[in-house]
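What follows is a single structure, written as structure tokens, with notes after it.
The values are calculated or read from the model by the stated rules, or taken from the named source; none is laboratory data. In this text the structure is predicted, and so the values were computed from the model without any measurement. Note that each Cβ is placed from the backbone with ideal geometry, even for glycine, and that neighbours are counted across all protein chains shown. Calculation scope for accessible area: heavy atoms of the full protein, side chains included, ligands and nucleic acids excluded. Shrake-Rupley method; radii C 1.70, N 1.55, O 1.52, S 1.80 Å.
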Amino acid sequence: MNLLSSREIRLERRPVGSPVLEDFSLHTVEVPAPAEGLVRVRNLWMSVDPYMGGRLYDNHDSYVPPYRLNHPLDGGAVGVVVDSADSQFKPGDIVFSQYGWREIYNAPAKRLRRIDTDGLPPEAFLGIAGVTGRTAYVGLFSIGQIKAGETVYVSAAAGAVGSAAVQMAKIAGCTVIGSAGGKEKCDYLRSIGADHVIDYKSEDLEAALKAAAPEGIDFYFDNVGGPQLEAALNAMKTFGRIALCGMISQYNESGVSGPGNIVQILAKRLTVRGFILGDHEDERPAFERDVRDWIKSGQLKWQQTVEHGIANAPAAFLKLFKGGNIGKMVVKLSD
Ligand SMILES: NC(=O)c1ccc[n+]([C@@H]2O[C@H](COP(=O)([O-])OP(=O)(O)OC[C@H]3O[C@@H](n4cnc5c(N)ncnc54)[C@H](OP(=O)(O)O)[C@@H]3O)[C@@H](O)[C@H]2O)c1
């Protein structure tokens, strides 16, 4: 049977309030050699992402269906093919899949995407060269239509999407304001070129935004929602634009808040548009070309926060909601 032992994380129970480690459980399963049409993959890296927070609940307003109890969770992962019973893949191929939260799996070939790493480390395809980089790209250029000379504000700016958005807006010739929690993150934002940096945990965000952009903000890239969206609405220019990329402050069922000043959208004639990356597959080739050029030219840098081993994946995930990451949070599963 050539079984390979694999560990996986399951959702043990639905969280009450904010999720805790006890909501997750670790299990060992045996993965057989792949049947015809299947490919057996050993994951190298897996992603933990804020949107997974909404999937832990069965009645939360998430744009992705809830996770099932007592089933392995899923999410982005990069792995290496170990056996293949499909002619499209061979051992050694590096593949992206949604079979995260587990060490080894069998999957139909059509659920895998081969990655041409082109000299980048495989985990970059979970971050800057993958979903998070592409989210920043689509949010700024397709949704935001940013132009050189504009003032752009990015929240959760030291995170994966945020740090990519800060740098891409700089590449586009914008003045960039980034907000993040704590000195280390603010120092990091300066190091990647943000023109104005706000520690929203120790400063009055609205006053700091007005000081950084006395004429107002042209475009706000919102990763947070809640109080930060409220402060941004007050600091926007008339006819400004806002892309609602994410609302991490609202994903856990521990309280939903604001904004209470939604009237500003009317008064300032703002354009506010939510977007989901999955609707923008057609922009992938342009992103892949630009991101590789920018990385090669040194214009785009990336940072990651690494946790080790499948058993630590839930802890890595929970850290996202406590600000425990700079750049992309990833879990290393295998060498
Ligand atoms: N629309 C799409 O298709 C799409 C795709 C990917 C991601 N997203 C969204 O993009 C956003 C960023 O995702 P990411 O993967 O790059 O995560 P991330 O920014 O790397 O990590 C989350 C960060 O959010 C901040 N945060 C957590 N709770 C907060 C709160 N209550 N208030 C304010 N800030 C808080 C923390 O930074 P601080 O220490 O600075 O607080 C934390 O480090 C998320 O909202 C995510 O859902 C959307």
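Before moving on, here are some points about what is shown:
- Subset tally (residues that are closer than 20 Å to residue 246 by Cβ and of a type in the set (A, V, I, L, M)) for region 284-330: 7
- Residue pairs meeting the criteria (Cβ under 8 Å; at least 6 apart or on separate chains; first part of a helix (DSSP H, G or I), in region 312-333; second of a type in the set (Val, Ile, Thr) and within 7 Å of the ligand (Cβ to nearest atom)): 320/248; 321/248
- Test: residue in region 202-222 that is closer than 30 Å to residue 23 by Cα and part of a loop (DSSP other than H, G, I, E, B): no
- Output for region 67-82, where each listed residue is open to solvent by 20 Å² or more (accessible area, probe 1.4 Å) and within 23 Å of residue 130 (Cα to Cα): 72, 74, 80, 82
- Selection of region 201-226 for residues being buried (at least 23 other Cβ atoms within 10 Å of the Cβ) and over 20 Å from residue 137 (Cα atoms) yields only 209.
- Among the candidates 22, 36, 30, the residue that is open to solvent by 60 Å² or more (accessible area, probe 1.4 Å) and under 19 Å from residue 95 (Cα atoms) is uniquely 36.
- Inter-residue pairs, beta-carbon under 7 Å, first touching a residue at least 12 places away in the same chain (Cβ under 8 Å) and in region 207-220, second surrounded by fewer than 20 Cβ atoms within 10 Å (Cβ to Cβ), 6+ apart: 212/196; 215/237; 216/237; 217/237; 218/237
- Sole residue being part of a strand (DSSP E or B), open to solvent by less than 30 Å² (accessible area, probe 1.4 Å), among the aromatic types (Phe, Trp, Tyr) and within 24 Å of residue 295 (Cβ to Cβ), chosen from 125, 96: 96
- Flag for residue 169 being more than 14 Å from the ligand (Cβ to nearest atom) and under 20 Å from residue 248 (Cβ atoms): yes
- Checking 180, 160 one by one, the residue that is open to solvent by less than 30 Å² (accessible area, probe 1.4 Å), more than 30 Å from residue 42 (Cα to Cα) and near the ligand (Cβ under 9 Å from one of its atoms) is 180 and no other.
- Enumeration of residues in region 72-91 that are farther than 15 Å from residue 34 by Cα and either assigned to a strand (DSSP E or B) or over 23 Å from the mean Cα position of the chain (by Cα) (or both): 72, 75, 77, 78, 79
- A count restricted to region 296-305 and to residues that are more than 13 Å from the ligand (Cβ to nearest atom) and either outside any helix (DSSP H, G or I) or under 15 Å from the mean Cα position of the chain (by Cα) (or both) stands at 5.
- Residue selected from region 227-247 under the condition surrounded by fewer than 23 Cβ atoms within 10 Å (Cβ to Cβ) and within 18 Å of the chain's Cα centre (by Cα), by the criterion farthest from the ligand (Cβ to nearest atom): 244
- Complete set of residues in region 99-114 that are open to solvent by 10 Å² or more (accessible area, probe 1.4 Å) and outside any strand (DSSP E or B): 103, 110, 111, 112
- The residue pairs whose first member lies in region 49-60 and is more than 13 Å from the ligand (Cβ to nearest atom), whose second member is open to solvent by less than 20 Å² (accessible area, probe 1.4 Å) and in a loop (DSSP other than H, G, I, E, B), and whose beta carbons are closer than 7 Å, counting only pairs six or more residues apart or on different chains, are 56/15; 56/19; 56/67; 57/15.
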